[in-house]
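Q: Sharing a structure with you now.
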Amino acid sequence: MKLHKAPFITFEGGEGSGKSTQIHILFERLLQMDIDVVQYREPGGTKGAEEIRSLLFEGEQERWSPTSEALLLSAARADLIQKKILPALEGNTWVLCDRYADSTLAYQGFGHELGEKPIKELNRFTIGDLEPDLTFVFQINAEIGLQRVADRKTHTDRFERNDILFHQRVQKGYDEILKKNPQRCIPINALLDIDRISQLIFDEVMKRFKDRI
Ligand code: TMP
């Protein structure tokens, strides 16, 4: 793996897991420490990737097949890596990303059942050797997660309209990812309260990267 000095940290998990709230809390906390840090969400983060995001999120379920979806997500990711993530890391800026290649494995590989092997190959082609240094995987029961989303939104997007079995397969995908990457991936119990989770995350980040500040 290429050695970059600034850490690259990703946040993963099913719908309604609270990861976006937590990435924001960590981002603010690092800023307060005068650390150069940027945060992105996937798909998105560049003009082209945001355009792809709109294509993916709007319209009917049948608009894209799972294969087309995986390729569009990968195209958005490649653009974000090339234009934002790599330049940031090379400039010694920390990068936080709300979802990354693990999402494609969990959602398209497991959820849509495209399979582990083809999606791992696609991810390898898309990200090369740019693996995150640390990944927080938020774990939540699919029913509870979907209920949380339903409670806070009046409109669901294309992804959230997948059925409960799909979301259960996504959870299984994340369980596999945790099992196969015990060094990189840290499980987070999404049912703990917000302050407790943010402290766990901050402590883990400091434990691993305080020598890179
Ligand atoms: P969220 O991060 O706000 O939950 O929304 C992103 C949605 O996009 C979520 O439903 C998961 C989906 N997604 C995939 O299916 N595969 C991917 O590779 C990525 C990045 C996101």
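Where a number appears in this text, it was derived from the coordinates with a stated rule and is not lab data. Everything numeric in this text was worked out from a predicted model, so none of it was measured. No Cβ is skipped: glycine too gets one built from the backbone with ideal geometry, and neighbour counts run over all protein chains shown.
Q: Over 21 Å, how big is the tail of the calculated P(r) for region 8-212, in percent of all Cα pairs? Show your work: numbers first, answer last.
A: On the way: 10767 of 20910 pairs.
Summing the P(r) of region 8-212 above 21 Å gives 51 percent of all pairs.
Q: Scan around Leu134 for amide H atoms under 5 Å from its own, H built in the peptide plane at 1.01 Å from N, and keep only partners 5 or more places away or cross-chain.
A: It is Phe8, Thr10, by chain and number.
Q: Among Gly16, Gly59, Gly44, whose mean-square fluctuation peaks in a Gaussian network model of the chain (Cα, cutoff 10 Å)?
A: In this elastic network of the chain, the residue with the biggest mean-square fluctuation among Gly16, Gly59, Gly44 is Gly59.
Q: PRE reach from Ile213 (point 7 Å along Cα→Cβ): which of region 79-110 fall under 16 Å by backbone N?
A: 93-95
Q: What residue among Thr93, Thr21, Thr104 shows peak mean-square fluctuation when the chain is described by a Gaussian network model with Cα springs under 10 Å?
A: Per the Cα network of the chain with a 10 Å cutoff, Thr21 tops the list.
Q: Subtract the Cα-Cα distance of Met33 and Thr154 from 0.36 nm times their separation in residues, and report this length gain in nm to one decimal. Walk me through the intermediate numbers first.
A: Values: separation 121, 0.36 × 121 = 43.56 nm, distance 3.71 nm.
Taking 0.36 nm per residue and subtracting the Cα distance, the gain is 39.8 nm.
Q: Separate question: Kindly express, to the nearest 10 degrees and within the range 0 to 90, the angle between helix 47-57's C-alpha long axis and the longest C-alpha principal axis of the chain.
A: On a 0 to 90 degree scale, this one is about 40.
Q: Less than 20 Å from a label point 7 Å out along the Cα-to-Cβ axis of Lys120: which backbone N atoms in region 63-86 qualify, by residue?
A: Under cut-off, by backbone N: 67, 70-71, 74.
Q: State, in angstrom, two size descriptors of region 122-200 derived from its alpha carbons: Rg to one decimal place and Dmax to the nearest whole number.
A: According to the Cα coordinates of region 122-200, Rg and Dmax are 14.7, 40 Å.
Q: Hey, got the dipole for region 8-212? About the Cα centre, +1 on K and R Cβ, -1 on D and E Cβ, debye to the nearest 20?
A: Details: 28 positive and 34 negative charges, 47 e Å.
My answer is approximately 220 debye.
Q: Highest GNM mean-square fluctuation, the chain, Cα pairs closer than 10 Å: which of Ser54, Ser74, Ser17?
A: The residue that fluctuates most here is Ser54.
Q: Out of residues 5 or more away from Ala190 or on other chains, whose amide H comes under 5 Å of its own, with H placed 1.01 Å from N in the peptide plane?
A: Under 5 Å from the amide H of Ala190 lie the amide H atoms of Gln139, each far enough along the sequence or on another chain.
Q: Full extension from Phe57 to Ile164: what is 0.36 nm times the residue separation minus their Cα-Cα distance, to one decimal in nm? Walk me through the numbers before you get to the answer.
A: Details: separation 107, 0.36 × 107 = 38.52 nm, distance 1.83 nm.
Taking 0.36 nm per residue and subtracting the Cα distance, the gain is 36.7 nm.
Q: Next question, about the same structure. Go through Trp64, Ser20, Ile85 and say which Cα lies farthest out towards the positive end of the charge dipole of region 1-91; charges sit on Cβ, +1 for Lys and Arg, -1 for Asp and Glu.
A: Of Trp64, Ser20, Ile85, it is Ile85.
Q: Testing the spin-label approximation: label points 7 Å from Cα along Cα→Cβ at Leu191 and Ser68. State their distance in nm.
A: In this crude spin-label approximation the distance works out to 3.9 nm.
Q: What percent do you get for the relative contact order of the chain when only Cα pairs under 8 Å and 6+ apart count? Show your work: numbers first, answer last.
A: Numbers: 318 pairs, mean separation 69.6, N = 213.
The normalised contact order for the chain reaches 33 percent.
Q: At most 14 other Cβ atoms within 10 Å plus a DSSP loop assignment makes a site exposed; report the longest stretch of the chain without any exposed trypsin sites (Lys or Arg not before Pro).
A: Working: sites that count: Lys2, Lys5, Lys153, Arg161.
Segment 6-152 is the longest.
Q: Roughly how tilted is helix 164-180, in degrees to the nearest 10 and between 0 and 90, from the longest Cα axis of the chain?
A: 30
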